[in-house]
Amino acid sequence: MHYTAKYFKDNMPEWKRKKDPPLSRIFYRKVAFHWAAFAANHGIMANSVSYFSMYIGILACVLFLFNKPIAIAGAVLVNVWLILDCTDGNLARSVKSQPFGEFADGISSYVIVGLLCTVMGFYVFQNGGLVISAGFPWIILIGALASCSDTMMRLIYQKYKSTERDMADKGIIEVEHDDRTDHSKVNSFRVRIESDFGIGGYLPLMVLLGTVFNALDLVVIYCFLYYGGSCLLSSMLTIRKAKKAEKK
């Protein structure tokens, strides 16, 4: 079978179309359809694309440790990473899903978010930004806290889900549905925020524009507010669910 971009476009589930941020629909996803066709026609599977995107993400972050022209190349690679992230999903849904596909796709996202905010903070420390001058040490901490917040949020959530599964297996509680995995709730406020404003939404473009126009300090602050706020809110909601389950 010869795969085409149209094949992947036509086979994209409706819930995924709705979940994609507007920018992905306009650009990233359209490019990813062509990349998926190329990969499928050359026998490249979804997991291979996921692992490759992880290395692209690491390289992108490393490039922010250098001067502006090299950092711009890193910012471009952040956007390439997002196209690859869309590509592996296209392959998994429309050609063949593989064992550990969710793992491969997940670690690619975890790695780039875990590194990107910190290295952007270091870049601003070295070069300055729109409102923060070079040599301001706190911007490194702000970037690191943004990266840590995303990681901590995921760890807290995964620990809760692991504990919840153990208790459900023992018949202590009944597991409730989560709108992050319920395709019928893709338009919920929580899912839209997660989809639109993080690394899978507008952030890669913000990183590129911020690097080009010397405004990466604003992007670092945005990441701190977004990921820090998400971590705080998610942790509070998770604790509330745990306390609610305790009373049953």
Checklist entry - Given a Förster radius of 45 Å and the C-beta distance between residue 209 and residue 102 as r, what FRET efficiency does 1/(1 + (r/R0)^6) yield to the nearest 0.05? => result 0.90
Checklist outcome for this item: When the charge dipole of the stretch 25-113 is computed with +1 at the Cβ of Lys and Arg and -1 at the Cβ of Asp and Glu, the Cα pointing farthest to the positive end, of 64, 103, 76, is that of 76
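Of the listed peptides 224-233, 49-58, what is their order by residue-averaged count of other C-beta atoms within 10 Å, with the highest listed first?
Numbers: 224-233: 17.3, 49-58: 21.1.
The densest-packed peptide leads the list: 49-58, 224-233.
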Item to check | Relative contact order for the stretch 6-155, counting Cα pairs under 8 Å that sit 6 or more residues apart, in percent | outcome: 24 percent
Checklist entry - Cross-link list 159/244; 159/243; 161/244; 96/159: which exceed 19 angstrom alpha carbon to alpha carbon? => result 96/159
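Read-outs throughout are calculated quantities, based only on the coordinates presented, and are distinct from any laboratory measurement. All figures in this text were calculated on a predicted structure; none of them were measured in a lab. All Cβ positions, glycine included, derive from the backbone under ideal geometry; neighbour counts span all protein chains shown.
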